[in-house]
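A.B. asks: After the C-alpha cells below, expect a handful of questions from me.
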Amino acid sequence: MWLPRASAIRTSPPLRRSALVVAVVLACSGVAAAANFAYLPAVVTLAPADRVAVMLLTNLSDSPLRVELKNQRWDQTLNGDVMLEPSNDLLVTPQVMTLRPHQTLSVRIALMGRRGEREKSYRLVVTELPPFFAPAQLPGLAVRTRSAVNVPVFVAPLGAAKTSGAIADAVARGGFVTFSLVNTGTVHFKNQRVAVTALGPNAQRLFVRTLEAWYVLPGEHRKYRLELDKAICRQIRAVTISVDGGVRLDRTLEVDPAQACR
C-alpha cells in the first residue's frame with residue numbers, strides 16, 4: 001500500500017528568514033503559533049481534486065526538535081469551543097519527526113475516507129516531544145518551553161461550495177441580548193467581526209459591543225449572549241447585530257424596555 005512520506009528540504013538562509021516571518025505573522029494574526037517551530041500553511045485545505053496536502057514544519061530553535069503529529073476530527077460546542085476526537089479519515093506521515101536546528105521538513109496529509117455533501121473539519125495536533133538527550137547534554141533545554149498547536153484541516157465537499165449563514169433566535173430579555181449565528185452552507189466560515197449596536201429613541205447610537213468571532217462549521221451554530229448596560233437599558237429601542245468576514249449578515253431587533261431590562 002502506498003504511504004505518503006516526509007521529505008527533507010534544504011534549509012537556506014532565505015528559507016530561515018521566511019520561517020521567522022511566518023511565525024511572526026501567525027502570532028500577530030491570532031492563529032495558533034508555536035514558540036519553537038513555524039508551520040505553513042496556517043490552514044490546510046484538501047480541494048476537490050486533491051487526495052494529498054503538504055504542510056511545511058520548520059524548527060526555529062538552535063536545538064534539535066522532536067514533534068508528534070495526530071489527526072483529530074473537529075467539532076464544536078454551542079459556545080464555539082473546539083471538540084476533538086480521534087479519526088482515521090486522514091493519514092498523516094510522518095507521525096513523529098525530528099528536525100535539526102532550523103531545518104524544514106514536509107508533512108503529508110492524505111485523505112483515506114470519502115468526501116461528504118458538507119465540508120469535513122479536522123485538526124492536526126502538532127506537539128513538541130521531550131528531547132532524546134538529557135538537559136545536561138544540551139544546555140538550556142531544562143527551561144525550554146514545549147510548544148503545541150492545532151492546525152485546521154478542511155476537506156472540501158463533493159459538490160459546489162456554498163457559503164451562507166443566518167442570525168437566528170435573536171431576543172432581548174431579562175437584561176441580555178441573545179442570538180445564534182448559524183452556518184447554513186456546505187463549508188465553514190470564519191468571521192472577523194461580530195458586533196451588537198444599541199439604538200435609542202431617535203435611532204442614535206448608544207453603544208457598540210464587539211463579540212468574539214471565530215469559525216462556524218457547516219451545519220453548526222454558535223450562541224452569543226450580551227449583557228445590557230443597566231444605566232442605559234431603558235433608552236434602548238432597537239439592537240442591530242452585524243456579522244462581517246466569513247459571511248455578511250445584518251439583523252435589527254426591536255426592543256421593548258419592559259421586557260429587555262431587569
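Since every read-out is calculated from the coordinates, none of them should be taken as a lab result. Here the structure is a predicted model, which means the values were calculated and not measured. Glycine gets a Cβ as well: all are built from the backbone with ideal geometry, and neighbour counts include every protein chain shown.
A.B. asks: So residue 92 fits all but one of (1) touching a residue at least 40 places away in the same chain (Cβ under 8 Å); (2) crowded, with 18+ Cβ neighbours inside 10 Å; what number is the exception?
C.D. replies: (1)
A.B. asks: Another question about this same structure. Restricting to segment 163-184, what's the tally of residues that are out of contact with any His (no Cβ under 8 Å at 6 or more places or on another chain), on the phi < 0 side of the Ramachandran plot and not in a loop (DSSP other than H, G, I, E, B)?
C.D. replies: 11
A.B. asks: For segment 87-109, give me each residue that is among the hydrophobic types (A, V, I, L, M, F, W, C) and closer than 20 Å to residue 75 by Cα.
C.D. replies: Matches in segment 87-109: 90, 91, 92, 109.
A.B. asks: Please specify each residue of segment 40-68 satisfying the condition of being in contact with a Lys or Arg (Cβ under 9 Å, 6 or more places away or on another chain), over 27 Å from residue 156 (Cα atoms) and of a type outside the set (Ser, Thr, Tyr).
C.D. replies: Within segment 40-68, 59, 60, 64, 65 qualify.
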